[in-house]
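See below for the structure under consideration.
The values are calculated or read from the model by the stated rules, or taken from the named source; none is laboratory data. Note that this is a predicted model, so its numbers are computed, not measured. In this analysis, Cβ positions are derived from the backbone assuming ideal geometry, glycine residues included, and neighbour counts consider all displayed protein chains. Ligands, DNA and RNA are stripped out before the accessible areas are found, and what is left, the full protein with its side chains, is counted by its heavy atoms. Shrake-Rupley method; radii C 1.70, N 1.55, O 1.52, S 1.80 Å.
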Amino acid sequence: DPSGRLDADAVAAFRALHGTLITLAQLLAPFTPFVAEAIWRTLAAGRAGRPDSVHLSDYPEVHEHLLDPGLDTAMADARQIVELGRRVRVDTRVRTRQPLAEAVAHVSGHASSIETLLPIIAEELNVKEVRVATSSDRFGSWRAKPDFKVLGPRLGARVKSLAEVLATDDSIAARLAAGESVDVAIDDGPAVTIGPDDVDLTRDTLEGWGVASEAGATVALELTLTDDLRREGL
């Protein structure tokens with residue numbers, strides 16, 4: 001704040017960083033003894049009863065009770081959402097400094113604890129609100145067309161029948177976009193198994209939104225700017 005005092009979040013962040021660097025110095029000590037010693041003497045030597053040398057300290061032990069696999073999974077989902085949201089900004093040429101109203105994200109099988117990370121995601125994407133959707137249907141429908149260079153040699157003339165089926169069944173495109181392989185019945189012959197690499201996928205995006213998808217995750221940003229958002233961006 002203006003008085004120069006640190007708020008509680010800043011103090012917690014510095015303490016976490018300090019503890020991380022000290023532990024890292026202990027972990028590195030057997031491999032990079034001089035670098036580890038320099039870190040230790042700067043941050044830890046002689047403080048809070050710690051020895052003067054990192055090589056006189058006990059090697060760190062794992063505290064199993066502090067591990068939270070659910071939080072690890074949620075953070076991985078959060079990072080994926082942020083990456084896709086930033087991709088939308090790049091693709092639509094909307095700079096990160098420009099605040100946006102809303103982001104909607106769908107991640108297949110996302111961790112329930114992702115809800116606690118939504119404020120962090122919102123800050124990283126510079127949006128007012130982030131919501132988690134139960135499906136990606138609201139972001140627009142997927143379209144799939146056969147990649148004729150790939151499927152032509154394999155299916156011959158049957159590739160035209162496959163194209164007709166893909167043009168009339170959006171559910172197949174949605175499954176392919178999610179990374180699945182799909183058995184498609186065409187003509188009167190045997191079903192054809194196709195995967196995401198066998199087709200060209202496109203999405204019919206909702207007007208006023210930008211969408212990016214990858215590996216079962218989809219993120220949509222509302223790109224419409226109000227006067228208040230424009231002023232805040234300036």
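For the reader, a short list of remarks on this structure follows.
- Surface calculation, 1.4 Å probe, protein heavy atoms: Val90 sits at approximately 110 Å² accessible.
- Accessible surface of segment 1-124 [probe 1.4 Å, protein heavy atoms]: carbon and sulfur percent: 59 percent
- Calculated FRET efficiency, Ala38 to Thr73, Cβ-Cβ distance, R0 = 30 Å: about 0.25 to the nearest 0.05.
- If you take the alpha carbon atoms of segment 160-234 and fit the smallest convex hull around them, that volume is 105 Å³ per residue.
- Helix-only mean residue ellipticity at 222 nm for the chain, each DSSP H run of n ≥ 4 adding -39500 (n - 2.57), per residue, nearest 500: -13000 deg cm²/dmol
- Looking at segment 17-98, the chymotrypsin sites (Phe, Trp or Tyr not before Pro) that sit in a DSSP loop and have at most 14 other Cβ atoms within 10 Å of their own Cβ are Phe31.
- Remark: segment 93-101, residue by residue, has Karplus-estimated 3J(HN,Hα) of 6, 10, 5, 5, 5, 7, x, 10, 6 Hz, where x stands for each Gly or Pro and the curve is 6.51 cos²θ - 1.76 cosθ + 1.60 at θ = phi - 60°.
- Label zone of Phe148 (point 7 Å out along Cα→Cβ, amide N under 17 Å): in segment 170-210 this covers 198-201.
- A straight chain from Ser171 to Leu234 at 0.36 nm per residue would run longer than the Cα-Cα distance by 18.4 nm.
- R0 of 35 Å, Cβ-Cβ distance Ala10-Ala178: FRET efficiency to nearest 0.05: 0.30
- Under 5 Å from the amide H of Lys128 lie the amide H atoms of Leu100, Ala101, Glu102, each residue being 5 or more positions distant or on a separate chain, with H modelled from the backbone and absent for Pro and chain starts.
- Gyration tensor (alpha-carbon) shape descriptor, segment 53-121, a/c threshold 1.5: prolate
- Size descriptor for the chain, Kirkwood hydrodynamic radius: 22.1 Å (Cα pairs only, one decimal).
- Spatially proximal aspartates and glutamates relative to Lys149 (Cα-Cα < 16 Å; intrachain offsets below 8 disregarded): Asp197, Asp198, Asp200
- Fully extending the segment from Thr92 to Ala45 would add 11.8 nm, taking 0.36 nm per residue of separation and subtracting the current Cα-Cα distance.
- Sites matching GluC sites (Glu not before Pro) across segment 5-72 that sit in DSSP coil, with at most 13 neighbouring C-beta atoms within 10 Å: Glu61
- The slack between Leu21 and Asp200, meaning 0.36 nm per residue of separation minus the straight C-alpha distance, is 59.7 nm.
- In summary, the convex hull built on the alpha carbon positions of segment 44-179 has an orientation-averaged projected area of 15.3 nm².
- Ordered by 1.4 Å accessible area with all protein chains kept, Ile39, Ile186 run largest first as Ile39, Ile186.
- Highest to lowest packing among 5-14, 120-129, scored as the average C-beta count within 10 Å: 120-129, 5-14
- Mean separation of Cα contacts under 8 Å (6+ apart) over length of segment 170-221, as relative contact order %: 29 percent
- Selected from Ala217, Ala105, Ala167 as most flexible by GNM, with the chain as the system and alpha-carbon contacts under 10 Å: Ala167
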